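Chemist: Can you read through this structure? Questions will come right after.
Read-outs: derived from the displayed coordinates by stated rules, not from any lab. On a predicted model such as this, the values are computed, not experimentally measured, just so you know. Backbone-built Cβ (ideal geometry, glycine too); neighbour counts: all protein chains shown.
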């Protein structure tokens, strides 16, 4: 793993600790980190879309049609165009963490 994590990867590492899943084997953690990262980025994008005007929506669609667009590219786009981007992103992350930790606790308390 690289010395510095991107903000979402660092968030996911903390999320695994909060959910008590930090002791999972690394291959399983990597697989779930990838899936969770996709979902977190999707939720951030959806939360920001309603703040964009029609022109910015068109620019965002054009950005997303480019080859090799990264989540960092999308976050940078939103940071430039959504005045309260940081606060909105923090809210998305907090809501996701609560949902994830609550779901994990339910699964631990009610195993199938």
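Chemist: What pairs come out if I take residues in the stretch 83-112 that are surrounded by fewer than 11 Cβ atoms within 10 Å (Cβ to Cβ) and pair them with residues that are not in a helix (DSSP H, G or I) whose C-beta lies under 9 Å away, six or more apart or interchain?
Modeler: Once the first residue is surrounded by fewer than 11 Cβ atoms within 10 Å (Cβ to Cβ) and sits in the stretch 83-112, its partners that are not in a helix (DSSP H, G or I) give 83/51.
Chemist: Name the residues in the stretch 66-82 that are over 17 Å from the mean Cα position of the chain (by Cα) and without any contact (Cβ under 8 Å) to a residue 24 or more places away in the chain, would you?
Modeler: Once the filter is applied, which keeps residues that are over 17 Å from the mean Cα position of the chain (by Cα) and without any contact (Cβ under 8 Å) to a residue 24 or more places away in the chain, the stretch 66-82 yields 66, 67, 68, 80.
Chemist: Search the stretch 14-25 for residues being outside any helix (DSSP H, G or I) and free of Cβ contacts under 8 Å to residues at least 24 places away in the same chain, and hand back the single one that is farthest from residue 90 (Cα to Cα).
Modeler: For the stretch 14-25, the residue satisfying everything is 25.
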